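A.B. asks: The following block contains the structure, expressed as structure tokens.
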Amino acid sequence: MESDNTKNTKGFSLLKLALFLLILIIVSGVVLYAFLDINPFVVLSDGVTGLYNRVFTVSTSEIDTLKETVKTVLTFDENENVHCSAVSNNLAVATVSYVKIIDPDGMEKAYIPVTLKEPFVISYADETLVADLAGQYFALINNNRIAWEKNIDELIVNASISDTWILLITESKQSGYKRTIRAYSRDGQEVSFRNVSNYYPFSVVNYPGYNKAFFAVSSLEASGLEANGIFEILDPAMNQKASIKGENEIIGGCFPLMEERLLIYGEKSIMTIDNAFNTVWEKNYEGYTVTAANAIQNKFPIAALLDNEAFSRDRRYQTTIQIYNNNGTEKTKFDIDAKVTGIATKKKTAAVIAESEVLFINEDGEIMDRYTAKSYISGVYLAKDDLAYVVSSDAISRVKIKVKQKFLGIF
């Protein structure tokens, strides 16, 4: 009888030992992946010697990779007027005399001579629209060359491109009108236009994810000392489908959200509307100014809120980065001691421009990576969620972003 009890006790102890070892192996695997970026399944195949080499030995290629995390891909004079746009994994760079397309290693893929007063480029997929925002010229670049180019009889003040449309805003030459909104097909044929007489449109976009047949227009209405914003939706025939007026508030623009919704942001508020132009939710900010906004993964609206009281009282910048769920509930927020001048997004990554620093965050507000320049940053262009081009006063740097990865898709 005692012999049977002894066998049962030994069997139970072995079971506990096996369970303990299993838990230890799982925890070790998580630690290896989370802190050392080593796949635990690779450890099983490499053995102890392989693990030692991975932890304590750094190869030449790994050193080179570390050095290549940040690379200057282009330099220019501080007084040079430069505008950029990410196109596929590359970057389109426009100046008064040329448009270049450079790859992540800084290699020149294309060089196109131009003559522009106010250079502007914007891309969709692998095509780039070039425009002179103080002139009459615009062109489409495809496969690193000009597919077509045009000169019109009015000065261009804004331009955008989508999968179906090329949209312009021009200064109207017709008596009694201020500006003209123009729609072109992708082959450069003018489809429609709308003359505007009593306010100033300054931005027009088309988001296929919201509706291929709707143009979103932001405008300024000035009356005496007051300035009000107007946001409207037009169809391809330039008929107005909906409009929103901001009282003493300029409406800066919009971004597409999932479920055919649109995020609209102004100086003091943000809101979302659906495809039938109904308000889904709205947030108003007392004592704050919205200096930038966007949407992460077309699902999580993000806004930079500048604390007006802190600036008035202490002459310092304090900004709250607020992230919402798609239904308008608060997801997370955090504060930074800087003024945010822009937010760029690509898939799960948001690049928050804060003076001379860029914070790369995810939808949970976690700072995955950061980059600090020697001067103020004028723009960040995300080619992928882990690849950014950062433009400062005299250089463009390619930054490989360390994004947060999930272990086995769980953690």
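A.B. asks: Within the range 204-221, identify whether any single residue is modelled with pLDDT under 95 and over 25 Å from the mean Cα position of the chain (by Cα), and answer yes or no.
C.D. replies: Looking through the range 204-221, at least one residue is modelled with pLDDT under 95 and over 25 Å from the mean Cα position of the chain (by Cα).
The rows are residues; the columns are (1) within 16 Å of VAL352 (Cβ to Cβ); (2) out of contact with any Asp or Glu (no Cβ under 7 Å at 6 or more places or on another chain); (3) part of a loop (DSSP other than H, G, I, E, B).
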{"residue": "ALA242", "(1), (2), (3)": "no, no, no"}
{"residue": "GLU249", "(1), (2), (3)": "no, no, yes"}
{"residue": "PRO256", "(1), (2), (3)": "no, yes, no"}
{"residue": "LEU263", "(1), (2), (3)": "no, yes, no"}
{"residue": "MET271", "(1), (2), (3)": "no, no, no"}
{"residue": "VAL280", "(1), (2), (3)": "no, no, no"}
{"residue": "ALA295", "(1), (2), (3)": "yes, yes, no"}
{"residue": "PRO301", "(1), (2), (3)": "yes, yes, no"}
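A.B. asks: Are any residues in the range 172-190 in a strand (DSSP E or B) and loosely packed, with under 14 Cβ neighbours inside 10 Å, and if so, which ones?
C.D. replies: SER185, GLU190, listed by residue number.
A.B. asks: Confirm whether ALA125 is small (Gly, Ala, Ser), surrounded by 15 or more Cβ atoms within 10 Å (Cβ to Cβ) and under 24 Å from VAL380 (Cβ atoms).
C.D. replies: Considered against the rule, which asks whether it is small (Gly, Ala, Ser), surrounded by 15 or more Cβ atoms within 10 Å (Cβ to Cβ) and under 24 Å from VAL380 (Cβ atoms), ALA125 comes out as no.
A.B. asks: Keeping to the range 304-343, report how many residues are in a loop (DSSP other than H, G, I, E, B) and free of Cβ contacts under 8 Å to residues at least 60 places away in the same chain.
C.D. replies: 11
A.B. asks: Look at THR272 and say whether it is within 17 Å of GLY342 (Cα to Cα), in contact with a strand residue (DSSP E or B) (Cβ under 8 Å, 6 or more places away or on another chain) and of a type in the set (Ser, Thr, Tyr).
C.D. replies: No: the conditions fail for THR272.
A.B. asks: Shifting gears a bit: Looking at the range 360-380, can you tell me whether even one residue there is within 20 Å of ALA94 (Cβ to Cβ), part of a strand (DSSP E or B) and either touching a residue at least 60 places away in the same chain (Cβ under 8 Å) or not acidic (Asp, Glu) (or both)?
C.D. replies: Scanning the range 360-380, I find at least one residue that is within 20 Å of ALA94 (Cβ to Cβ), part of a strand (DSSP E or B) and either touching a residue at least 60 places away in the same chain (Cβ under 8 Å) or not acidic (Asp, Glu) (or both), so the answer is yes.
A.B. asks: Let me ask something additional. Restricting the search to the range 296-345, which residues are in contact with a helix residue (DSSP H, G or I) (Cβ under 8 Å, 6 or more places away or on another chain) and modelled with pLDDT under 95?
C.D. replies: ARG316
The values are calculated or read from the model by the stated rules, or taken from the named source; none is laboratory data. Quantities reported herein were computed from a predicted structural model and do not represent experimental measurements. Counting neighbours? That spans all protein chains shown, and the Cβs are built from the backbone with ideal geometry, glycine included.
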